[in-house]
Amino acid sequence: MPFTRLLTVIDAVRGFIRGDDENARSRRMALLNRVSRAPLTGDGPVVSLTTHGDRVRRVHLTIETIGRGTVKPSEIFLWLDEPEVVARPPRTIKRLQRRGLSLRLSKNFGPHTKYYPYLLAHDSFDRPLVTADDDMLYPFTWLAGLADASKVHPDEVLCYRARRV
């Protein structure tokens, strides 16, 4: 490959990875998923989320942003209600499993699938449980903010965004 062509390719890759918009961040997370061996887990709260249908092809982006935060979750659970996907997950999910993701099969409890299977599977809890949406790219301080707030208000349900029911 001629040197000028190589420089053009390098510039294209830099443009692909750089940027502050959502698309650039998605591209960075997709690239990280292909190359990173860094653990997703640490000593923070437990994170639980679910996904379904076509979203299973993109949920790795969400999980990458959680695992790249300033506070890493002690465990990350991804609940699925499709046995065939759990048996043969996409490569992106397999790579995350090697880095600490727990992929679990669950009955569909609707919006409660994010947390209810986790509660059923555990008799006691030594860490806060945080639920995440499968269609978000989380900022680096997302889990740290919730963990800090939990220390100040340990008996309260905390969130960044809520609606009155």
Number of the condition not met by ILE10 [criteria: (1) modelled with pLDDT of 70 or more; (2) loosely packed, with under 11 Cβ neighbours inside 10 Å; (3) of a type in the set (Val, Ile, Thr)]: (1)
Condition test on LYS114, is it within 27 Å of ASN33 (Cα to Cα) and touching a Gly at 6+ places or on another chain (Cβ under 8 Å)? no
Taking segment 66-110, which residues are among the aliphatic types (A, V, I, L, M) and open to solvent by 60 Å² or more (accessible area, probe 1.4 Å)? ALA87, LEU105
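Going through ARG37, ARG57, ARG27 one at a time, which residue ends up being of a type outside the set (A, V, I, L, M, F, W, C) and either crowded, with 16+ Cβ neighbours inside 10 Å or in contact with a strand residue (DSSP E or B) (Cβ under 6 Å, 6 or more places away or on another chain) (or both)?
Details: ARG37 fails: either crowded, with 16+ Cβ neighbours inside 10 Å or in contact with a strand residue (DSSP E or B) (Cβ under 6 Å, 6 or more places away or on another chain) (or both); ARG57 fails: either crowded, with 16+ Cβ neighbours inside 10 Å or in contact with a strand residue (DSSP E or B) (Cβ under 6 Å, 6 or more places away or on another chain) (or both).
Selected residue: ARG27, the only one of ARG37, ARG57, ARG27 that is of a type outside the set (A, V, I, L, M, F, W, C) and either crowded, with 16+ Cβ neighbours inside 10 Å or in contact with a strand residue (DSSP E or B) (Cβ under 6 Å, 6 or more places away or on another chain) (or both).
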Those residues of segment 120-155 which are in a helix (DSSP H, G or I), open to solvent by 70 Å² or more (accessible area, probe 1.4 Å) and not β-branched (Val, Ile, Thr) amount to LEU120, ASP148, LYS151
Restricting the search to segment 128-163, which residues are touching a residue at least 40 places away in the same chain (Cβ under 8 Å) and more than 18 Å from the chain's Cα centre (by Cα)? SER150
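The values are calculated or read from the model by the stated rules, or taken from the named source; none is laboratory data. The structure displayed is predicted, hence computed values, not measured ones. Cβ coordinates were reconstructed from backbone atoms using ideal geometry, including for glycine residues, and neighbour counts include every protein chain displayed. When the accessible area is computed, the model is the full protein with side chains, heavy atoms only, and any ligands, DNA or RNA have been set aside. Shrake-Rupley method; radii C 1.70, N 1.55, O 1.52, S 1.80 Å.
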